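All remarks here apply to the structure that follows.
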Amino acid sequence: MKRIAIFPGSFDPITKGHESIVKRAAPLFDKIIVAIGVNSSKKGMFDLAKREELIKKTFENVSNVEVMTYSGLTVDFCEQQNANYILRGLRSNADFEYEFTIAQMNKLLKNKIETFFLLTEPEYSAISSTIVKDIHRNGGDVSQFIPAAISLK
Ligand code: ADP
């Protein structure tokens, strides 16, 4: 059976933190699907097509990474894609508290799906899409926080 992982998130926009998690996990899985959730309560800055374009560009040289959008429960999307793993990144205690609850609930919903965590690289622990958006909105230069392959207009 193929080892397929879903990396779900808002990716509004993708950051170096996300990029690092996916690139470090890529050798461990046959396929990683970066899955942009469309039913998030977070209000988006970049539309879905733009987020998808930026993620595709980021991973254009990583052959086992795909990009998709989804709505509904992440575990249902995993089943549709034959994925047995959910990949998530951890930056802090706050992430842990949040991720712990979601992972435990997902386990209760679909026991066979395992959530797989990677700790962030120390240099990326302060990077979040929210802060990148704030800086960008206010005219600051975010290039050091986003993947080298992309730029935000
Ligand atoms: P969500 O809306 O689900 O929180 P995000 O796009 O903010 O989606 O994040 C998706 C995943 O990437 C989450 O597991 C999050 O913890 C992780 N992540 C976000 N920023 C970083 C970072 N700087 N380093 C490592 N992981 C990160």
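So if each residue of separation counts as 0.36 nm, and I subtract the Cα-Cα distance between SER92 and LEU118, what length gain in nm does that give?
Result: 8.2 nm gained on full extension.
Give the angle, between 0 and 90 degrees and rounded to the nearest 10, that separates the Cα long axis of helix 16-25 from the longest principal axis of the Cα atoms of the chain.
30
Go ahead and run the numbers for FRET between LEU108 and GLU53, Cβ-Cβ distance against an R0 of 41 Å, rounding to 0.05.
Result of the calculation: an efficiency of 0.70.
Any idea what angle helix 48-58 forms with the longest principal axis of the chain, computed on alpha-carbon atoms, 0 to 90 degrees, nearest 10?
90
Viscosity 1.567 mPa s, temperature 4 °C: what is the translational diffusion coefficient of the chain from Stokes-Einstein with a Kirkwood Rh over Cα pairs, rounded to a whole number of µm²/s?
After rounding, the answer is 82 µm²/s.
Counting helices only, and only those DSSP H runs with n ≥ 4, report the 222 nm mean residue ellipticity of the chain as the sum of -39,500 (n - 2.57) divided by its residues, in deg cm²/dmol to the nearest 500.
About -10500 deg cm²/dmol.
Would you work out the relative contact order for region 4-137, in percent, from Cα pairs under 8 angstrom that are 6 or more residues apart?
Answer for region 4-137 is 33 percent.
Coordinate-derived values only; no laboratory data. Computed from a predicted model, the values in this text were never measured in an experiment. Every residue, glycine among them, receives a Cβ derived from its backbone with ideal geometry; neighbour counts consider all protein chains shown.
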